[in-house]
Structure formats: structure tokens, C-alpha cells
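Note sheet for the following structure.
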Amino acid sequence: LAARHAALLPGDLNHAFYCNSGSEAVDSALKIALAYQRARGQGTRTRFVGRERGYHGVGFGGISVGGMVNNRKWFGAMLPGVDHLPHTHLPENAFSKGEPEHGGIALADELERIVGLHDASNIAAVIVEPCAGSTGYLPPPKGYLKRLREICDKHGILLIFDEVITGFGRLGTGFAAEKFGVLPDLMTVAKGISNATVPMGGVFVRKHVFDGLMTGPENAIDLFHGYTYSAHPLACAAASAVLDIYRDEALFERSAELSPYWEDGVHSLKGLPNVVDIRNLGLAAGIDLAPKGAVGTRGYEAFVKAFELGLMVRQAGDAIAMSPPLVIEKAQIDEIIDIAAKTIKAVA
Ligand SMILES: Cc1ncc(COP(=O)(O)O)c(C=O)c1O
């Protein structure tokens with residue numbers, strides 16, 4: 001399975017560590033980053049940089065680098081030594097189709113400010129979702145990810161892409177790294193890796209990360225980390241079968257082909273009552289509704305109404321996020337847009 005994944009992944013992302021969820025993948029990636037830095041003699045690099053409105057699962061590592069207040073505020077001090085980049089949702093980018101125009105470089109340059117505060121010699125890794133998923137789907141403004149990559153390269157900081165949502169075809173490419181032409185040092189995945197048929201997650205690492213860590217004799221354990229169910233045969237079999245289906249049914253290509261139709265559909269909701277922003281990239285979208293009373297009230301009403309009408313949306317505050325299966329048909333996209341429109345009118 002690892003060989004098949006390596007063949008599918010961009011660049012030299014050619015080694016895999018398997019686990020059972022996205023949360024485990026994120027905590028594993030953070031630990032691999034720390035261990036790698038130490039193995040190459042950079043053991044002072046212990047800090048992480050995450051992002052506001054980021055979601056990286058519910059492990060202590062994931063909530064520490066994540067930026068969703070309700071996932072954090074109950075759980076004490078979490079990991080020490082974490083800073084957060086600003087989120088990428090700017091009002092001037094409202095109703096952008098695909099990648100927003102404004103602010104990408106300035107937002108990424110905030111990483112320089114954090115480096116200036118702590119010194120690069122103390123920073124192990126930056127972790128971001130290429131498109132933030134769980135806070136209402138926030139595609140990155142143009143140039144943002146490339147600039148993050150440049151700054152990480154300049155300072156010897158590892159870049160981790162959390163592709164739990166964007167991986168395996170969501171953006172019309174195998175991975176967001178290909179869509180944006182930016183190669184991370186580590187990539188976390190889950191969901192699409194097994195199409196959720198069997199719980200599975202994974203961390204893919206580039207050759208230099210693998211080589212940097214695997215320095216001992218063949219029989220020695222170099223990375224003291226792993227789960228009883230890492231690379232469970234059932235999960236690996238499911239993941240392998242899913243790769244067959246992605247290939248045989250050309251589902252990544254299908255995602256790319258359907259994305260413009262999806263984009264037109266979701267943006268046709270502009271102008272309906274209380275719709276204050278619509279975002280899309282690949283086969284996913286976020287729609288912000290103006291709040292009504294307490295934050296989340298209208299969003300929850302929309303979630304319930306859509307469900308009653310036959311559509312499952314994800315609620316994030318007053319945003320609703322949608323990410324249809326890659327096998328969706330155009331007529332079904334029409335149905336989704338129709339129900340979404342009825343829902344939005346019903347919660348006006
Ligand atoms: C970007 C991202 N990272 C991590 C996770 C956590 O994955 P899991 O729920 O499998 O632990 C999620 C889940 O939605 C996610 O969207």
C-alpha cells in the first residue's frame with residue numbers, strides 16, 4: 001500500500017506511517033517533526049506554528065495547533081510552545097470563485113513575524129490545512145501556500161499539510177499539494193484514504209525526513225511511536241481497494257470535471273436572504289449566513305432544515321459547508337443546490 005501511495009503522491013513524498021484517524025495522523029506528524037529536528041542536531045526546534053480557524057483533530061497535539069476555540073478552551077494548557085498564524089478569511093474576498101485574490105502574501109508573511117519573535121532555531125514545524133475545512137471551508141488566497149513554503153525553506157522549518165479533507169481527489173487532483181504546486185515535508189491524510197469504509201489515517205513524509213530519522217542499523221527502532229492498529233491489514237486492504245476504484249472510475253478527474261459545475265451551482269445562491277459569503281474550490285463549498293441572535297442559531301436551523309429536506313450539510317457556526325461524494329452526478333448537484341436554496345429561504 002505504501003508503494004502505491006508513494007506512486008500517487010507528488011514529489012518525493014515516498015514513505016508512509018499509517019494510523020487509524022486524522023487526529024492520530026496529526027499527532028504522529030508533529031512527533032515525527034520533533035524527532036526529525038532532533039535527529040539532525042536541531043533539538044532546540046520544539047515549537048509549532050498552527051493557524052486560527054484551523055482544525056487538526058482532537059488529540060492534544062491537534063487541538064494545540066488547531067484554532068477552534070470550543071475545541072480548545074475546555075482542555076487546559078495543551079502543548080506548550082505553539083503560535084498561530086492569522087486565519088485566511090478576509091472580508092474583501094467575499095464571494096470569490098476558487099482561490100481568493102487578496103491578502104495571500106501578507107497573511108503568509110505573518111510567519112516571519114513569529115520567526116522574529118522566537119527565532120527559527122526554536123521552531124520545528126508549521127502545520128496548516130491547504131483549505132481550512134471545519135470552520136466553513138476557507139480556500140487559501142492566491143500565493144499564500146507558496147509563500148509559506150518559501151519562508152519555511154529559508155528558516156529550516158518543516159511544512160506539514162493536513163490533507164485529511166483535501167487529500168484523495170477533493171480538489172480535482174490527488175492532493176492539494178499538486179493543485180497548488182507546493183510540496184510539504186509531511187502530509188497527513190485520513191477520510192478519503194479508505195473512503196471511510198474502515199478507520200484509517202496516515203502521515204506521508206518526504207525522503208529527507210525519512211532518511212534523516214532512519215539512521216540506525218536495520219534492526220533498530222528509530223522512531224519510538226506507533227499504534228497497535230498501525231497499518232491494520234483490514235484498513236490497508238480497504239485503502240488498496242479504494243485506490244483501485246479511484247483509478248478505475250477516474251474519480252479525481254471526475255472531481256476536476258465537475259468542479260466548475262459545482263462552482264456555478266453554489267454561487268447561484270448569492271443574493272438569497274442572509275447569504276453574506278460563498279466560497280468554493282474543488283468539490284466543496286462554504287456558505288456564510290448572517291447570524292440571527294446568538295452565533296450558530298441560524299446555522300443550526302439551516303442544518304436541521306436541510307436534513308428535513310433530504311440534504312446533509314455540515315454546520316460551522318453560521319456557515320454551512322458541503323462536500324459531495326466524488327461519484328456525484330450533475331442532476332444530484334442540481335438537487336443539492338435546490339434544497340440549499342429552499343433551506344436558506346426557510347431560515348430567513
Ligand atoms: C483537516 C483535518 N484534520 C484532522 C481531522 C481529524 O480527523 P479524525 O476525525 O479522523 O480524527 C479532521 C477531521 O475532520 C480534519 O478535517
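The values are calculated or read from the model by the stated rules, or taken from the named source; none is laboratory data. Because the structure is a prediction, the values reported are computed rather than measured. Cβ coordinates were reconstructed from backbone atoms using ideal geometry, including for glycine residues, and neighbour counts include every protein chain displayed.
Here are some notes:
- The selection criterion, being within 19 Å of Pro91 (Cβ to Cβ), hydrophobic (A, V, I, L, M, F, W, C) and either in the same structural domain as Ser96 (by TED's automatic domain parsing) or assigned to a loop (DSSP other than H, G, I, E, B) (or both), holds for Val295.
- Conditions (1) buried (at least 18 other Cβ atoms within 10 Å of the Cβ); (2) within 15 Å of the ligand (Cβ to nearest atom); (3) of a type in the set (Val, Ile, Thr); number of the one not met by Thr197: (1)
- Among residues of segment 1-28 that are free of Cβ contacts under 8 Å to residues at least 12 places away in the same chain, none has a beta-carbon under 8 Å from a residue that is hydroxyl-bearing (Ser, Thr, Tyr) at least six positions away or on a different chain.
- One residue from Ala256, Ala239 being on the phi < 0 side of the Ramachandran plot and assigned by TED's automatic domain parsing to the domain that holds Cys131: Ala239
- Count of segment 132-144 residues which are in a loop (DSSP other than H, G, I, E, B) and either more than 9 Å from the ligand (Cβ to nearest atom) or of a type in the set (Phe, Trp, Tyr) (or both): 8
- Candidates Ile127, Ile123, Ile151, filtered to the one that is crowded, with 18+ Cβ neighbours inside 10 Å and within 14 Å of the ligand (Cβ to nearest atom): Ile127
- Residue in segment 226-244 that is within 16 Å of the ligand (Cβ to nearest atom), within 23 Å of the chain's Cα centre (by Cα) and part of a strand (DSSP E or B) present: no
- A single entry from Glu112, Glu92, Glu129 fulfils the requirement of being closer than 18 Å to Arg149 by Cβ and free of Cβ contacts under 8 Å to residues at least 40 places away in the same chain: Glu112.
- The one condition in (1) within 13 Å of the ligand (Cβ to nearest atom); (2) within 17 Å of Ala33 (Cβ to Cβ) that Ile165 fails to fulfil: (2)
- When restricted to residues that are out of contact with any strand residue (DSSP E or B) (no Cβ under 8 Å at 6 or more places or on another chain), part of a loop (DSSP other than H, G, I, E, B) and within 13 Å of the ligand (Cβ to nearest atom), segment 52-85 contains 4.
- Filter result (surrounded by fewer than 19 Cβ atoms within 10 Å (Cβ to Cβ) and in contact with a strand residue (DSSP E or B) (Cβ under 9 Å, 6 or more places away or on another chain)) within segment 214-235: Met214, Leu223, His225, Gly226, Tyr227, Tyr229, Ser230, Ala231, His232
- Hits in segment 86-105 (condition: more than 17 Å from Asp264 (Cα to Cα) and either outside the structural domain of Ile127 (by TED's automatic domain parsing) or in a loop (DSSP other than H, G, I, E, B) (or both)): Pro86, His87, Thr88, His89, Leu90, Glu101, His102, Gly103
- Enumeration of residues in segment 298-324 that are aliphatic (A, V, I, L, M), crowded, with 20+ Cβ neighbours inside 10 Å and assigned to a helix (DSSP H, G or I): Ala302, Ala306
- Qualifying positions in segment 17-28 - near the ligand (Cβ under 10 Å from one of its atoms) and among the hydrophobic types (A, V, I, L, M, F, W, C): Cys19, Ala25, Val26
- Counted residues, segment 55-80 - those being loosely packed, with under 15 Cβ neighbours inside 10 Å and touching a residue at least 40 places away in the same chain (Cβ under 8 Å): 0
- Flag if Pro260 is surrounded by fewer than 16 Cβ atoms within 10 Å (Cβ to Cβ), over 20 Å from the mean Cα position of the chain (by Cα) and either in a helix (DSSP H, G or I) or without any contact (Cβ under 8 Å) to a residue 60 or more places away in the chain (or both): yes
- For segment 31-46, a residue qualifies if it is within 16 Å of the ligand (Cβ to nearest atom) and either surrounded by fewer than 21 Cβ atoms within 10 Å (Cβ to Cβ) or under 19 Å from Lys191 (Cα atoms) (or both), and exactly one does: Lys31.
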